[in-house]
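The values are calculated or read from the model by the stated rules, or taken from the named source; none is laboratory data. The structure displayed is predicted, hence computed values, not measured ones. Here the Cβ positions follow ideal geometry from the backbone for every residue, glycine too, while neighbour counts run over all protein chains shown.
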Amino acid sequence: MTHTLPPLPYPYNGLEPYISEQIMTLHHTKHHQAYVTALNTAEANYIKASTPKERIALQAAIRFNGGGKSLITPSHARYLASCLSLLIHAYRYRDHDRVSGSHVIF
């Protein structure tokens, strides 16, 4: 089974001006794609492995790359967007919180 990188649920410029289109494009197409590529490579090598020792050695690579963010990109993208929303809120209301004495808890 060959894995592919799922698209983001929003455009690369969807988080601007806080995260640039260039950074989102790089993060998704290079960083996340590297997980998918490594997973496909590890699985192909696992199928070709001739001994149990070789298969055991490849299991860590499969777990790391297959359990990483690459295959749950929509969830990771929603998580990133929600974190960004909290940071934007904290930034916008930072002066209010200092003056009123209330605290932003993360």
Have a look at L84, L71 and point out the one that is touching a helix residue (DSSP H, G or I) at 6+ places or on another chain (Cβ under 8 Å), of a type in the set (A, V, I, L, M, F, W, C), modelled with pLDDT under 85 and under 30 Å from G14 (Cα atoms). L71
Take the residues of the range 26-48 that are aliphatic (A, V, I, L, M) and surrounded by fewer than 14 Cβ atoms within 10 Å (Cβ to Cβ): which is nearest to N13 (Cα to Cα)? L26
Mind listing just one residue for me: the one in the range 5-59 that is of a type in the set (A, V, I, L, M, F, W, C) and in contact with an Asp or Glu (Cβ under 9 Å, 6 or more places away or on another chain) and, of those, farthest from S82 (Cα to Cα)? L58
